[in-house]
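Peer 1: Quick one: this structure, given as C-alpha coordinates, is what I'll be asking you about.
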Amino acid sequence: MEQGTADLGVGMVGYAFMGRAHSHAWRTAPRFFDLPLAPRMRVVAGRDAAATAAAAQNLGWEGSTTRWQDLLTRDDIALVDVCTPGDTHAEIAIAALEAGKHVLCEKPMANSLAEAEAMAAAADAAAARGVLAMVGFSYRRLPAVQLARRLVEAGRIGQVRHVRAQYLQDWLADPASPRTWRLERDKAGSGALGDIAAHAVDLAQFVTGERLTGVNGMLSTFVHERPLPSGEGTGPVTVDDAASFLARLSGGGMGVFEATRYATGRRNALRLEVSGTAGALAFDLMDLNVLHFYDAADPEQTAGFRRIEVTSPSHPYAGSWWPAGHGLGYEHAFSHQVVDLVTDIAAARQPTPSFADGLAVQRVLDAVERSAAAEGAWTDLPA
Ligand code: SOE
(Lines give C-alpha, C1' and ligand atoms only; values in the text may rest on other atoms or scores of the structure.)
Protein backbone atom coordinates (compact mmCIF):
# COMPACT_ATOMS: atom_id res chain seq x y z
CA MET A 1 0.00 0.00 0.00
CA GLU A 2 1.33 3.42 -0.91
CA GLN A 3 1.96 6.00 1.79
CA GLY A 4 -0.79 8.56 2.02
CA THR A 5 -3.52 6.07 1.01
CA ALA A 6 -6.83 7.13 2.60
CA ASP A 7 -8.12 5.05 5.53
CA LEU A 8 -11.10 2.72 5.51
CA GLY A 9 -12.16 2.33 9.14
CA VAL A 10 -13.65 -1.10 9.84
CA GLY A 11 -15.81 -2.29 12.74
CA MET A 12 -16.58 -5.98 13.12
CA VAL A 13 -19.45 -7.62 15.00
CA GLY A 14 -18.70 -11.13 16.34
CA TYR A 15 -15.31 -12.71 16.88
CA ALA A 16 -15.78 -16.49 16.74
CA PHE A 17 -14.77 -18.67 13.76
CA MET A 18 -15.81 -16.17 11.07
CA GLY A 19 -14.62 -13.17 13.10
CA ARG A 20 -11.20 -14.77 13.31
CA ALA A 21 -11.14 -15.55 9.58
CA HIS A 22 -12.19 -11.98 8.72
CA SER A 23 -9.71 -10.41 11.16
CA HIS A 24 -6.92 -12.41 9.56
CA ALA A 25 -8.04 -11.16 6.15
CA TRP A 26 -8.29 -7.48 7.18
CA ARG A 27 -4.77 -7.72 8.57
CA THR A 28 -3.22 -9.72 5.75
CA ALA A 29 -4.80 -8.35 2.55
CA PRO A 30 -3.10 -4.91 2.71
CA ARG A 31 0.28 -6.57 3.29
CA PHE A 32 0.15 -8.66 0.11
CA PHE A 33 -2.01 -6.58 -2.22
CA ASP A 34 -1.78 -2.96 -3.28
CA LEU A 35 -5.09 -1.67 -1.96
CA PRO A 36 -6.57 1.71 -2.92
CA LEU A 37 -7.74 2.28 0.68
CA ALA A 38 -5.99 1.34 3.93
CA PRO A 39 -8.23 -0.83 6.16
CA ARG A 40 -7.99 0.21 9.82
CA MET A 41 -9.23 -2.38 12.28
CA ARG A 42 -10.97 0.06 14.65
CA VAL A 43 -13.26 -1.94 16.90
CA VAL A 44 -14.81 -5.34 17.46
CA ALA A 45 -18.23 -5.74 19.08
CA GLY A 46 -19.38 -8.71 21.15
CA ARG A 47 -21.72 -9.48 24.05
CA ASP A 48 -19.22 -10.32 26.78
CA ALA A 49 -16.98 -7.34 27.68
CA ALA A 50 -13.94 -9.30 28.88
CA ALA A 51 -14.06 -11.89 26.09
CA THR A 52 -14.53 -9.19 23.43
CA ALA A 53 -11.61 -7.16 24.80
CA ALA A 54 -9.43 -10.30 24.75
CA ALA A 55 -10.52 -11.03 21.17
CA ALA A 56 -9.66 -7.46 20.12
CA GLN A 57 -6.20 -7.91 21.59
CA ASN A 58 -5.62 -11.32 19.98
CA LEU A 59 -7.06 -10.50 16.59
CA GLY A 60 -5.50 -7.06 16.20
CA TRP A 61 -8.42 -4.64 16.69
CA GLU A 62 -7.75 -1.22 18.26
CA GLY A 63 -10.67 -1.50 20.68
CA SER A 64 -13.82 -3.36 21.69
CA THR A 65 -17.40 -2.66 22.69
CA THR A 66 -20.41 -4.62 23.91
CA ARG A 67 -22.77 -2.48 21.81
CA TRP A 68 -22.66 -3.02 18.04
CA GLN A 69 -24.75 0.16 17.75
CA ASP A 70 -21.59 2.11 18.76
CA LEU A 71 -20.08 1.27 15.36
CA LEU A 72 -22.83 3.16 13.58
CA THR A 73 -22.20 6.54 15.19
CA ARG A 74 -18.42 6.63 14.85
CA ASP A 75 -17.05 8.84 12.08
CA ASP A 76 -13.86 6.80 11.87
CA ILE A 77 -15.78 3.65 10.86
CA ALA A 78 -16.86 3.42 7.22
CA LEU A 79 -17.59 -0.31 7.02
CA VAL A 80 -19.36 -2.79 9.29
CA ASP A 81 -18.37 -6.44 8.98
CA VAL A 82 -21.14 -8.75 10.27
CA CYS A 83 -19.74 -12.05 11.58
CA THR A 84 -22.55 -13.02 13.98
CA PRO A 85 -24.94 -15.99 13.77
CA GLY A 86 -27.72 -15.47 11.21
CA ASP A 87 -30.40 -14.32 13.65
CA THR A 88 -28.80 -10.84 13.91
CA HIS A 89 -27.64 -10.31 10.31
CA ALA A 90 -30.74 -8.44 9.11
CA GLU A 91 -30.97 -6.10 12.09
CA ILE A 92 -27.28 -5.15 12.09
CA ALA A 93 -26.80 -4.95 8.32
CA ILE A 94 -29.91 -2.84 7.71
CA ALA A 95 -29.08 -0.45 10.58
CA ALA A 96 -25.50 -0.10 9.32
CA LEU A 97 -26.58 0.62 5.73
CA GLU A 98 -29.11 3.18 6.95
CA ALA A 99 -26.35 4.82 9.00
CA GLY A 100 -24.28 5.17 5.81
CA LYS A 101 -21.80 2.34 6.52
CA HIS A 102 -20.70 -0.11 3.84
CA VAL A 103 -21.49 -3.69 4.91
CA LEU A 104 -19.81 -7.06 4.53
CA CYS A 105 -22.22 -9.72 5.83
CA GLU A 106 -21.41 -13.38 6.41
CA LYS A 107 -23.42 -16.08 4.69
CA PRO A 108 -26.15 -17.24 4.61
CA MET A 109 -27.25 -13.64 4.27
CA ALA A 110 -30.35 -14.10 6.45
CA ASN A 111 -32.39 -16.65 8.37
CA SER A 112 -35.55 -16.20 6.29
CA LEU A 113 -36.67 -15.02 2.90
CA ALA A 114 -38.48 -12.03 4.43
CA GLU A 115 -35.27 -10.88 6.14
CA ALA A 116 -33.25 -11.37 2.94
CA GLU A 117 -35.79 -9.32 0.98
CA ALA A 118 -35.60 -6.51 3.53
CA MET A 119 -31.79 -6.60 3.39
CA ALA A 120 -31.71 -6.51 -0.40
CA ALA A 121 -34.12 -3.55 -0.39
CA ALA A 122 -31.95 -1.73 2.20
CA ALA A 123 -28.87 -2.42 0.06
CA ASP A 124 -30.60 -1.01 -3.04
CA ALA A 125 -31.58 2.15 -1.18
CA ALA A 126 -28.06 2.47 0.24
CA ALA A 127 -26.42 1.94 -3.17
CA ALA A 128 -28.34 4.95 -4.46
CA ARG A 129 -26.48 6.92 -1.75
CA GLY A 130 -23.09 5.37 -2.63
CA VAL A 131 -23.15 2.93 0.30
CA LEU A 132 -22.24 -0.62 -0.74
CA ALA A 133 -22.98 -4.14 0.54
CA MET A 134 -21.48 -7.56 -0.10
CA VAL A 135 -22.27 -11.10 1.14
CA GLY A 136 -19.37 -13.28 2.29
CA PHE A 137 -19.58 -16.24 -0.05
CA SER A 138 -15.81 -16.47 0.23
CA TYR A 139 -15.24 -19.60 -1.89
CA ARG A 140 -15.95 -17.56 -5.02
CA ARG A 141 -12.55 -16.00 -4.39
CA LEU A 142 -10.40 -19.08 -4.60
CA PRO A 143 -8.16 -18.90 -7.69
CA ALA A 144 -9.42 -22.26 -9.04
CA VAL A 145 -13.05 -21.14 -8.73
CA GLN A 146 -12.29 -17.83 -10.46
CA LEU A 147 -10.56 -19.71 -13.25
CA ALA A 148 -13.59 -22.00 -13.59
CA ARG A 149 -15.83 -18.95 -13.99
CA ARG A 150 -13.49 -17.44 -16.60
CA LEU A 151 -13.47 -20.67 -18.62
CA VAL A 152 -17.27 -20.87 -18.60
CA GLU A 153 -17.50 -17.19 -19.55
CA ALA A 154 -15.05 -17.73 -22.43
CA GLY A 155 -17.28 -20.53 -23.74
CA ARG A 156 -14.70 -23.28 -23.09
CA ILE A 157 -17.29 -25.79 -21.84
CA GLY A 158 -20.09 -24.63 -24.14
CA GLN A 159 -23.67 -24.76 -22.93
CA VAL A 160 -24.12 -26.06 -19.39
CA ARG A 161 -26.07 -29.33 -19.25
CA HIS A 162 -25.32 -30.63 -15.75
CA VAL A 163 -24.26 -29.24 -12.39
CA ARG A 164 -23.27 -31.68 -9.63
CA ALA A 165 -22.73 -29.82 -6.39
CA GLN A 166 -22.02 -31.33 -3.00
CA TYR A 167 -21.00 -29.91 0.35
CA LEU A 168 -19.97 -32.82 2.55
CA GLN A 169 -18.99 -32.50 6.21
CA ASP A 170 -19.02 -35.06 9.02
CA TRP A 171 -18.83 -33.09 12.27
CA LEU A 172 -22.26 -34.32 13.39
CA ALA A 173 -21.76 -37.98 12.52
CA ASP A 174 -21.08 -38.61 16.21
CA PRO A 175 -24.44 -38.35 18.04
CA ALA A 176 -22.55 -37.23 21.14
CA SER A 177 -21.21 -34.04 19.56
CA PRO A 178 -22.85 -31.02 21.24
CA ARG A 179 -25.97 -29.08 20.32
CA THR A 180 -24.30 -25.76 19.33
CA TRP A 181 -26.16 -22.68 18.03
CA ARG A 182 -25.83 -24.03 14.50
CA LEU A 183 -28.41 -26.69 15.46
CA GLU A 184 -31.01 -24.18 16.68
CA ARG A 185 -33.49 -22.88 14.13
CA ASP A 186 -33.99 -19.59 16.01
CA LYS A 187 -30.30 -18.77 15.70
CA ALA A 188 -29.18 -20.45 12.47
CA GLY A 189 -32.39 -20.37 10.37
CA SER A 190 -31.73 -23.86 9.03
CA GLY A 191 -29.06 -26.54 9.28
CA ALA A 192 -26.92 -28.01 6.51
CA LEU A 193 -29.22 -26.23 4.06
CA GLY A 194 -28.38 -22.64 5.05
CA ASP A 195 -24.90 -23.29 6.38
CA ILE A 196 -23.38 -25.28 3.55
CA ALA A 197 -25.89 -25.94 0.73
CA ALA A 198 -25.95 -22.12 0.48
CA HIS A 199 -22.26 -22.22 -0.53
CA ALA A 200 -22.94 -24.92 -3.13
CA VAL A 201 -25.82 -22.93 -4.62
CA ASP A 202 -23.81 -19.71 -4.75
CA LEU A 203 -20.84 -21.50 -6.28
CA ALA A 204 -23.00 -23.17 -8.94
CA GLN A 205 -24.74 -19.90 -9.83
CA PHE A 206 -21.43 -18.01 -9.89
CA VAL A 207 -19.47 -20.49 -12.00
CA THR A 208 -22.26 -21.11 -14.53
CA GLY A 209 -23.49 -17.49 -14.58
CA GLU A 210 -27.00 -18.93 -14.40
CA ARG A 211 -29.76 -19.02 -11.76
CA LEU A 212 -31.67 -21.99 -10.36
CA THR A 213 -35.26 -21.66 -11.57
CA GLY A 214 -36.94 -24.51 -9.70
CA VAL A 215 -36.17 -27.26 -7.19
CA ASN A 216 -37.51 -30.32 -5.49
CA GLY A 217 -35.88 -31.62 -2.39
CA MET A 218 -35.80 -33.40 0.91
CA LEU A 219 -34.41 -32.54 4.33
CA SER A 220 -33.56 -34.95 7.13
CA THR A 221 -32.69 -34.66 10.79
CA PHE A 222 -31.03 -37.87 11.95
CA VAL A 223 -30.33 -37.04 15.61
CA HIS A 224 -33.05 -35.06 17.36
CA GLU A 225 -31.51 -34.53 20.79
CA ARG A 226 -27.88 -33.74 21.65
CA PRO A 227 -25.83 -32.90 24.75
CA LEU A 228 -25.77 -29.18 25.52
CA PRO A 229 -22.35 -27.47 25.17
CA SER A 230 -22.41 -26.72 28.94
CA GLY A 231 -22.25 -30.47 29.54
CA GLU A 232 -25.49 -30.35 31.54
CA GLY A 233 -28.42 -32.14 29.98
CA THR A 234 -29.50 -32.33 26.36
CA GLY A 235 -31.33 -30.03 23.97
CA PRO A 236 -33.44 -30.49 20.83
CA VAL A 237 -32.00 -30.19 17.32
CA THR A 238 -34.45 -27.98 15.42
CA VAL A 239 -32.75 -27.85 12.00
CA ASP A 240 -31.96 -30.25 9.16
CA ASP A 241 -28.83 -32.40 9.32
CA ALA A 242 -28.83 -33.01 5.56
CA ALA A 243 -30.43 -31.63 2.41
CA SER A 244 -30.68 -33.03 -1.12
CA PHE A 245 -32.39 -31.47 -4.08
CA LEU A 246 -32.73 -31.45 -7.84
CA ALA A 247 -32.75 -28.17 -9.71
CA ARG A 248 -33.41 -26.67 -13.10
CA LEU A 249 -31.00 -24.03 -14.42
CA SER A 250 -31.98 -20.89 -16.30
CA GLY A 251 -29.97 -22.03 -19.34
CA GLY A 252 -31.95 -25.30 -19.61
CA GLY A 253 -29.52 -27.57 -17.72
CA MET A 254 -30.10 -29.74 -14.65
CA GLY A 255 -28.54 -29.70 -11.20
CA VAL A 256 -28.13 -32.24 -8.37
CA PHE A 257 -27.28 -30.79 -4.95
CA GLU A 258 -26.36 -32.52 -1.70
CA ALA A 259 -25.33 -31.00 1.64
CA THR A 260 -24.74 -33.01 4.78
CA ARG A 261 -22.96 -32.98 8.10
CA TYR A 262 -23.00 -36.81 8.15
CA ALA A 263 -20.69 -37.69 5.23
CA THR A 264 -18.41 -39.83 7.37
CA GLY A 265 -14.76 -39.15 6.55
CA ARG A 266 -15.49 -35.99 4.55
CA ARG A 267 -14.44 -33.05 6.72
CA ASN A 268 -15.14 -30.08 4.45
CA ALA A 269 -15.56 -31.23 0.85
CA LEU A 270 -17.28 -28.63 -1.32
CA ARG A 271 -17.36 -30.12 -4.79
CA LEU A 272 -18.64 -28.76 -8.04
CA GLU A 273 -18.67 -30.49 -11.40
CA VAL A 274 -20.14 -28.79 -14.45
CA SER A 275 -20.64 -30.66 -17.73
CA GLY A 276 -21.18 -28.64 -20.88
CA THR A 277 -21.55 -29.28 -24.58
CA ALA A 278 -17.87 -28.44 -25.25
CA GLY A 279 -16.15 -29.55 -22.06
CA ALA A 280 -16.37 -29.96 -18.30
CA LEU A 281 -14.93 -28.61 -15.03
CA ALA A 282 -14.47 -30.15 -11.61
CA PHE A 283 -13.42 -28.52 -8.32
CA ASP A 284 -13.00 -29.95 -4.81
CA LEU A 285 -12.27 -27.74 -1.81
CA MET A 286 -10.18 -30.55 -0.34
CA ASP A 287 -7.74 -29.95 -3.20
CA LEU A 288 -8.36 -26.25 -3.55
CA ASN A 289 -5.37 -25.24 -5.65
CA VAL A 290 -6.51 -27.53 -8.46
CA LEU A 291 -9.12 -27.26 -11.21
CA HIS A 292 -9.90 -30.21 -13.48
CA PHE A 293 -10.80 -29.21 -17.04
CA TYR A 294 -11.90 -31.41 -19.93
CA ASP A 295 -11.85 -29.95 -23.43
CA ALA A 296 -14.05 -31.95 -25.81
CA ALA A 297 -12.09 -30.51 -28.75
CA ASP A 298 -8.89 -32.33 -27.70
CA PRO A 299 -7.72 -35.11 -30.05
CA GLU A 300 -9.26 -38.46 -29.08
CA GLN A 301 -5.90 -40.13 -28.37
CA THR A 302 -4.89 -37.61 -25.72
CA ALA A 303 -8.28 -36.35 -24.48
CA GLY A 304 -8.91 -36.46 -20.76
CA PHE A 305 -9.43 -34.25 -17.72
CA ARG A 306 -6.42 -31.95 -17.21
CA ARG A 307 -5.32 -31.29 -13.67
CA ILE A 308 -4.51 -27.57 -13.62
CA GLU A 309 -2.52 -26.29 -10.65
CA VAL A 310 -3.99 -22.83 -10.30
CA THR A 311 -0.90 -21.33 -8.69
CA SER A 312 0.87 -19.54 -11.52
CA PRO A 313 1.49 -15.78 -11.30
CA SER A 314 -1.03 -15.17 -14.10
CA HIS A 315 -3.80 -17.05 -12.28
CA PRO A 316 -6.40 -14.98 -10.36
CA TYR A 317 -4.88 -13.52 -7.13
CA ALA A 318 -2.00 -16.04 -7.18
CA GLY A 319 0.70 -13.61 -8.34
CA SER A 320 0.43 -11.60 -5.11
CA TRP A 321 1.40 -14.60 -2.96
CA TRP A 322 4.04 -17.27 -3.49
CA PRO A 323 5.96 -18.65 -6.48
CA ALA A 324 4.08 -21.13 -8.73
CA GLY A 325 3.27 -24.45 -7.10
CA HIS A 326 3.38 -23.25 -3.48
CA GLY A 327 -0.38 -23.09 -3.08
CA LEU A 328 -2.94 -21.25 -0.98
CA GLY A 329 -5.37 -22.28 1.79
CA TYR A 330 -8.89 -21.73 3.15
CA GLU A 331 -8.00 -18.35 4.68
CA HIS A 332 -6.78 -16.82 1.43
CA ALA A 333 -10.33 -16.66 0.05
CA PHE A 334 -11.19 -14.23 2.88
CA SER A 335 -8.19 -12.04 2.05
CA HIS A 336 -9.27 -11.94 -1.60
CA GLN A 337 -12.76 -10.98 -0.44
CA VAL A 338 -11.27 -7.97 1.37
CA VAL A 339 -9.16 -7.06 -1.68
CA ASP A 340 -12.17 -7.06 -4.01
CA LEU A 341 -14.47 -5.30 -1.55
CA VAL A 342 -11.98 -2.51 -0.81
CA THR A 343 -11.19 -2.10 -4.51
CA ASP A 344 -14.90 -1.82 -5.37
CA ILE A 345 -15.58 0.65 -2.54
CA ALA A 346 -12.70 2.85 -3.76
CA ALA A 347 -14.08 2.69 -7.29
CA ALA A 348 -17.67 3.33 -6.08
CA ARG A 349 -18.66 0.11 -7.86
CA GLN A 350 -21.15 -2.55 -6.63
CA PRO A 351 -19.20 -5.48 -5.15
CA THR A 352 -20.30 -9.08 -5.78
CA PRO A 353 -21.85 -11.18 -4.43
CA SER A 354 -24.30 -8.35 -3.78
CA PHE A 355 -27.24 -8.57 -1.40
CA ALA A 356 -29.33 -9.28 -4.52
CA ASP A 357 -27.12 -12.35 -5.10
CA GLY A 358 -27.57 -13.28 -1.42
CA LEU A 359 -31.34 -12.98 -1.89
CA ALA A 360 -31.17 -15.24 -4.95
CA VAL A 361 -29.51 -17.94 -2.81
CA GLN A 362 -32.04 -17.41 -0.02
CA ARG A 363 -34.88 -17.92 -2.51
CA VAL A 364 -33.41 -21.33 -3.38
CA LEU A 365 -33.09 -22.29 0.31
CA ASP A 366 -36.67 -21.21 0.93
CA ALA A 367 -37.94 -23.15 -2.10
CA VAL A 368 -36.12 -26.30 -0.97
CA GLU A 369 -37.73 -25.97 2.49
CA ARG A 370 -41.17 -25.51 0.95
CA SER A 371 -40.63 -28.44 -1.40
CA ALA A 372 -39.46 -30.69 1.44
CA ALA A 373 -42.49 -29.69 3.54
CA ALA A 374 -44.71 -30.68 0.59
CA GLU A 375 -43.21 -34.19 0.24
CA GLY A 376 -40.75 -33.07 -2.45
CA ALA A 377 -43.23 -31.20 -4.67
CA TRP A 378 -41.66 -29.34 -7.59
CA THR A 379 -41.26 -25.69 -6.54
CA ASP A 380 -40.55 -22.90 -9.01
CA LEU A 381 -38.50 -19.85 -8.15
CA PRO A 382 -39.51 -16.33 -9.18
CA ALA A 383 -38.00 -15.44 -12.57
C1 SOE B 1 -19.57 -24.89 9.37
O2 SOE B 1 -20.34 -25.87 8.80
C3 SOE B 1 -18.79 -24.07 8.36
O4 SOE B 1 -17.88 -23.36 9.13
C5 SOE B 1 -19.61 -23.05 7.57
O6 SOE B 1 -20.37 -22.21 8.41
C7 SOE B 1 -18.68 -22.23 6.70
O8 SOE B 1 -19.40 -21.30 5.93
C9 SOE B 1 -17.87 -23.14 5.81
O10 SOE B 1 -16.90 -22.36 5.15
C11 SOE B 1 -17.17 -24.22 6.60
O12 SOE B 1 -18.08 -24.88 7.44
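The values are calculated or read from the model by the stated rules, or taken from the named source; none is laboratory data. Being a predicted model, the structure only gives us computed values, none of them experimental. Cβ: placed from backbone, ideal geometry, glycine included. Neighbour counts: every protein chain shown. Side chains included, ligands, DNA and RNA excluded: accessible areas come from the protein's heavy atoms. Shrake-Rupley method; radii C 1.70, N 1.55, O 1.52, S 1.80 Å.
Peer 1: Six or more apart or on different chains, Cβ under 6 Å: which pairs go from a residue in the stretch 108-123 that's at pLDDT below 95 to one that's open to solvent by 30 Å² or more (accessible area, probe 1.4 Å) and of a type in the set (Asp, Glu)? Could you list them?
Peer 2: Listed by first residue and then by second, the contacts come to nothing, as the list is empty.
Peer 1: Residue check: is ASP76 touching a Gly at 6+ places or on another chain (Cβ under 8 Å), surrounded by fewer than 23 Cβ atoms within 10 Å (Cβ to Cβ) and at pLDDT 95 or above?
Peer 2: yes
Peer 1: Pairs, please: C-beta under 6 Å, at least 6 apart or cross-chain, first residue free of Cβ contacts under 8 Å to residues at least 60 places away in the same chain and more than 14 Å from GLY255 (Cβ to Cβ) and in the stretch 152-174, second within 16 Å of the ligand (Cβ to nearest atom) and open to solvent by 50 Å² or more (accessible area, probe 1.4 Å)?
Peer 2: No pair meets every condition.
Peer 1: Restricted to the stretch 66-122, and to residues that are out of contact with any helix residue (DSSP H, G or I) (no Cβ under 6 Å at 6 or more places or on another chain) and among the β-branched types (Val, Ile, Thr), which residue is farthest from the ligand (Cβ to nearest atom)?
Peer 2: Among residues in the stretch 66-122 that are out of contact with any helix residue (DSSP H, G or I) (no Cβ under 6 Å at 6 or more places or on another chain) and among the β-branched types (Val, Ile, Thr), the one farthest from the ligand (Cβ to nearest atom) is THR73.
Peer 1: Looking only at residues in the stretch 128-158 that are part of a strand (DSSP E or B) and of a type in the set (A, V, I, L, M, F, W, C), which one is farthest from the chain's Cα centre (by Cα)? Spell out the reasoning first.
Peer 2: First, the residues of the stretch 128-158 that are part of a strand (DSSP E or B): 133-136.
Now restrict to residues that are of a type in the set (A, V, I, L, M, F, W, C): 133-135.
Working: ALA133: 14, MET134: 10, VAL135: 7 Å.
Only one residue tops the list, namely ALA133.
Conditions tested, residue by residue: (1) touching a residue at least 40 places away in the same chain (Cβ under 8 Å); (2) over 22 Å from the mean Cα position of the chain (by Cα); (3) within 30 Å of THR221 (Cα to Cα).
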{"site": "ASN289", "(1), (2), (3)": "yes, no, no"}
{"site": "SER314", "(1), (2), (3)": "no, yes, no"}
{"site": "ALA324", "(1), (2), (3)": "no, yes, no"}
{"site": "GLN350", "(1), (2), (3)": "yes, no, no"}
{"site": "ALA360", "(1), (2), (3)": "yes, no, yes"}
{"site": "ALA373", "(1), (2), (3)": "no, yes, yes"}
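So that you can scan it fast, the table gives a plain yes or no per residue for (1) closer than 16 Å to LEU203 by Cβ; (2) at pLDDT 95 or above; (3) open to solvent by 40 Å² or more (accessible area, probe 1.4 Å); (4) touching a Cys at 6+ places or on another chain (Cβ under 7 Å):
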| site | (1), (2), (3), (4) |
| --- | --- |
| GLU225 | no, yes, yes, no |
| GLY235 | no, yes, no, no |
| ASP240 | no, yes, no, no |
| PHE245 | yes, yes, no, no |
| VAL256 | yes, yes, yes, no |
| ALA259 | yes, yes, no, no |
| TYR262 | no, yes, yes, no |
| LEU270 | yes, yes, no, no |
| GLU273 | yes, yes, yes, no |
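Peer 1: Are there strands (runs of 3 or more DSSP E) fully within the stretch 228-291 with at least 2 residues that are within 16 Å of the ligand (Cβ to nearest atom)? List them. Break it down into steps so the answer makes sense when it comes.
Peer 2: Working: elements: 234-236, 242-249, 254-260, 269-276, 279-284.
In the stretch 228-291, the matching strands (runs of 3 or more DSSP E) lie at 242-249, 254-260, 269-276, 279-284.
Peer 1: VAL207 is checked against (1) away from the ligand (no atom under 16 Å from the Cβ); (2) touching a residue at least 60 places away in the same chain (Cβ under 8 Å); (3) in a strand (DSSP E or B) and fails just one. What number does that condition carry?
Peer 2: Result: VAL207 passes all but (3).
Peer 1: Okay, next question. So how many residues does the stretch 1-32 have that are buried (at least 20 other Cβ atoms within 10 Å of the Cβ) and not in a helix (DSSP H, G or I)?
Peer 2: 8
Peer 1: Just to be sure before I move on: is PHE334 part of a strand (DSSP E or B) and modelled with pLDDT of 95 or more in the structure I sent? Lay out the reasoning, then the answer.
Peer 2: On the way: part of a strand (DSSP E or B): no; modelled with pLDDT of 95 or more: yes.
No.
Peer 1: Of the numbered conditions (1) over 30 Å from GLY327 (Cβ atoms); (2) away from the ligand (no atom under 16 Å from the Cβ); (3) assigned to a helix (DSSP H, G or I), ASN216 satisfies every one except a single condition; which is it?
Peer 2: Of the numbered conditions (1) over 30 Å from GLY327 (Cβ atoms); (2) away from the ligand (no atom under 16 Å from the Cβ); (3) assigned to a helix (DSSP H, G or I), the odd one out for ASN216 is (3).
Peer 1: Still on this structure, I have one more. Looking at the stretch 177-192 only, could you name the residues that are farther than 21 Å from GLY233 by Cα and either more than 13 Å from the ligand (Cβ to nearest atom) or not in a helix (DSSP H, G or I) (or both)?
Peer 2: Correct list: GLY189, SER190, GLY191.
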